[in-house]
Amino acid sequence: MLKQEHIFKLTQSLQTCSLHHSRMIFAYNELREFFPLDEVGYENLSPTQISYCDQLIYRFSKLQDTIGNKLFRNILEGLGENHEEMAFIDVLSRLEKLQIIESQVEWLQLRELRNSVTHEYPFNSDEIIEGLNTLIDKSEYLSEIWQKIENYVQMKFSL
């Protein structure tokens, strides 16, 4: 049986992820008709569309970060796993063995994407366009991961 404190942490992480996810999907839905972007398409984005790009970047980053830095460890704690001394790669490996995530390599690629799209350099539009195109593709994948984790946590811990 989970302690009340752990249930609170797990629920709080789920709610935070749910918020980031819903806002990421909203921005994604507002933008997907414009993708894949090329230089002309990027230059023709309206200020509102650019703000949706910013929102997509921010919410993708926050969702990926919250899942990776909070929720994963909360799940392992709830399963009674000794995770405090584990390196992040070991956390991912354990989650993969438990079939909570499909691939630690793919998760690390999402983290690399998160890191690259958060560093925007306005003078290099090719990198921005490439990053946004990749982000649109990977937003669906991150959404699928989130939904699988959310279902797992709700079923496993009866939340």
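The values are calculated or read from the model by the stated rules, or taken from the named source; none is laboratory data. Since this is a predicted model, take the numbers as computed values, not measurements. When we count neighbours, we look across all protein chains shown, and the Cβ atoms used for this are built from the backbone with ideal geometry, even at glycine. Note: areas computed on protein heavy atoms with side chains; ligands, DNA, RNA excluded. Shrake-Rupley method; radii C 1.70, N 1.55, O 1.52, S 1.80 Å.
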> Counting only residues that are touching a residue at least 60 places away in the same chain (Cβ under 8 Å) and either closer than 16 Å to Leu63 by Cα or polar (S, T, N, Q) (or both), how many does the range 96-135 have?
Replying inline: 5
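Any chance you could count how many residues in the range 45-104 are among the hydroxyl-bearing types (Ser, Thr, Tyr) and crowded, with 16+ Cβ neighbours inside 10 Å? Spell out how you get there, then give the answer.
So the first thing to find is which residues in the range 45-104 are among the hydroxyl-bearing types (Ser, Thr, Tyr), and the list is 46, 48, 51-52, 58, 61, 66, 93, 103.
Filter once more, keeping what is crowded, with 16+ Cβ neighbours inside 10 Å: 52, 58, 61, 66.
The number of residues fulfilling the criteria is 4.
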> Counting only residues that are open to solvent by 80 Å² or more (accessible area, probe 1.4 Å) and without any contact (Cβ under 8 Å) to a residue 12 or more places away in the chain, how many does the range 27-42 have?
Replying inline: 2
>> Pairs please, first residue from the range 73-90 and within 14 Å of Lys156 (Cα to Cα), second anywhere and charged (D, E, K, R), Cβ atoms under 6 Å, 6+ apart in sequence or on different chains.
In response: Asn74/Lys9
> Which residues, taken from the range 1-19, are outside any helix (DSSP H, G or I) and free of Cβ contacts under 8 Å to residues at least 24 places away in the same chain?
Replying inline: Met1, Lys3
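Step by step: first the residues of the range 114-136, then only those that are over 18 Å from Leu45 (Cβ atoms) and more than 10 Å from the chain's Cα centre (by Cα), then the one that is surrounded by the fewest Cβ atoms within 10 Å (Cβ to Cβ). Which residue is that? Steps first, answer last, please.
Residues of the range 114-136 over 18 Å from Leu45 (Cβ atoms): 114-116, 118-119.
After this cut, where a residue has to be more than 10 Å from the chain's Cα centre (by Cα) as well, the list is 115-116, 118-119.
Details: Asn115: 12, Ser116: 14, Thr118: 13, His119: 8.
Here the residue is His119.
Each row is one residue, and each column tells you yes or no for (1) within 18 Å of Arg23 (Cβ to Cβ); (2) out of contact with any Phe, Trp or Tyr (no Cβ under 8 Å at 6 or more places or on another chain).
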site: Leu71; (1), (2): yes, yes
site: Glu81; (1), (2): no, yes
site: Glu84; (1), (2): no, yes
site: Val91; (1), (2): no, no
site: Leu95; (1), (2): no, no
site: Glu102; (1), (2): no, yes
site: Ser125; (1), (2): no, no
site: Ile128; (1), (2): no, no
site: Leu132; (1), (2): yes, no
